[in-house]
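One structure is given below, encoded as structure tokens.
The values are calculated or read from the model by the stated rules, or taken from the named source; none is laboratory data. These numbers come from a predicted model, not from an experiment. Cβ sites come from the backbone with ideal geometry, for glycine too, and all protein chains shown count toward neighbours.
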Amino acid sequence: METGLRNRVAMVAASSQGIGRATAQAFAAEGCRLAMCSRNPESLNAAVTQIQQQHKVEVFSQAFDVTDAGAVRDFVAATVSRFGSADICVTNAGGPPAKSFLAASLDDWRKAVDTNFLSAVYFAREVIPHMQKNKWGRIITITSITTKQPVLELVLSNAVRAAVVGLVKSLANEFGKDNILVNNVGPGFTATDRLKELAKTRSAASGQSQREVFDAWAVDAAQKRIGEPREVADTIVWLASERASFVTGQTILVDGGAYKGL
């Protein structure tokens, strides 16, 4: 399938591991030039090296925390300086810790807002003017199935991710006239380090083994399995492509049928 993405510039946040890394790899496979970031310079460098060797694409990377608005500004500016544009922006960050409401401190709430909501705001503020100039842009946020179906012990994610959906809808409405499409991808239970953390918390609370917790999640999906990061990445690439040129303001769940609503 022709995606029309060759030589586009794709920025992927938190791309040293998990879904972010799989997304960077998927864009590289389409011939995109990449800008990658992560807090951990060692894991980021390893991801960059692997992608460059496998796909022979240009990759620019910086290690920083996406809760730092100034660092996001500098990263976007450096990307545009190097590649000449900022075509695709995938916002992403590690999920909030798995906690129940009374176990979550006010500091936990502030960190969740900073990490999982305001980081998306920071990226959008920086990339939209460049996208407006080129009359083409794609902003894709990565959130969770929790935007549609709250998950036990994920009260921070349940609440803060919903704010991202409101942002996506608002940006889609405001900047659609500039041919900037803004969408959200909500993964279900996906084989990442984040899921292992949640399994550990759920195991401690329920008395089940972590294996039993994973098995229960798999059974809950229509496909009876846990998702793979590459399956989420493929959906993100499709949303960025010309094949999805009339899709904006949407939340696409990649959950194997785990969401039970209509």
Discussion item. Let me confirm something: among 33, 39, 21, 73, which residue is out of contact with any helix residue (DSSP H, G or I) (no Cβ under 8 Å at 6 or more places or on another chain) and either of a type in the set (A, V, I, L, M) or on the phi < 0 side of the Ramachandran plot (or both)?
Written reply: 39
Worksheet item: So which residues in the range 87-126 are aromatic (Phe, Trp, Tyr) and touching a strand residue (DSSP E or B) at 6+ places or on another chain (Cβ under 8 Å)?
Response: 123
Response to the item:
Scanning the range 4-48 for residues that are buried (at least 23 other Cβ atoms within 10 Å of the Cβ) and touching a Gly at 6+ places or on another chain (Cβ under 6 Å), the one farthest from residue 78 (Cα to Cα) turns out to be 14
Worksheet item: Going through the range 48-77 one residue at a time, which ones are among the aliphatic types (A, V, I, L, M), free of Cβ contacts under 8 Å to residues at least 40 places away in the same chain and either under 19 Å from residue 123 (Cβ atoms) or part of a strand (DSSP E or B) (or both)?
Response: 59, 63, 71
Worksheet item: Considering only residues of the range 128-174 that are touching an Asp or Glu at 6+ places or on another chain (Cβ under 8 Å) and part of a strand (DSSP E or B), which is nearest to residue 213 (Cα to Cα)?
Response: 138
Worksheet item: How many residues are charged (D, E, K, R) and touching a strand residue (DSSP E or B) at 6+ places or on another chain (Cβ under 8 Å) if we restrict to the range 1-16?
Response: 1
Discussion item. The conditions are (1) of a type in the set (Lys, Arg); (2) modelled with pLDDT of 95 or more; (3) more than 17 Å from residue 69 (Cβ to Cβ); (4) surrounded by fewer than 18 Cβ atoms within 10 Å (Cβ to Cβ), and residue 196 fails exactly one of them. Which is it?
Written reply: (2)
Worksheet item: Checking residue 177 against (1) buried (at least 24 other Cβ atoms within 10 Å of the Cβ); (2) among the charged types (D, E, K, R); (3) part of a helix (DSSP H, G or I), which test does it fail?
Response: (1)
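For (1) within 21 Å of residue 80 (Cα to Cα); (2) of a type in the set (A, V, I, L, M, F, W, C), each residue gets a yes or a no:
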| residue | (1), (2) |
| --- | --- |
| 6 | yes, no |
| 18 | no, no |
| 37 | yes, yes |
| 43 | no, no |
| 48 | yes, yes |
| 59 | yes, yes |
Practice prompt. Answer yes or no as to whether residue 213 is touching a residue at least 40 places away in the same chain (Cβ under 8 Å) and either out of contact with any strand residue (DSSP E or B) (no Cβ under 7 Å at 6 or more places or on another chain) or of a type in the set (Val, Ile, Thr) (or both).
Written response: no
Discussion item. Just the residues that are under 11 Å from residue 140 (Cα atoms) and either in a loop (DSSP other than H, G, I, E, B) or basic (Lys, Arg) (or both), please, taken from the range 221-249.
Written reply: 248, 249
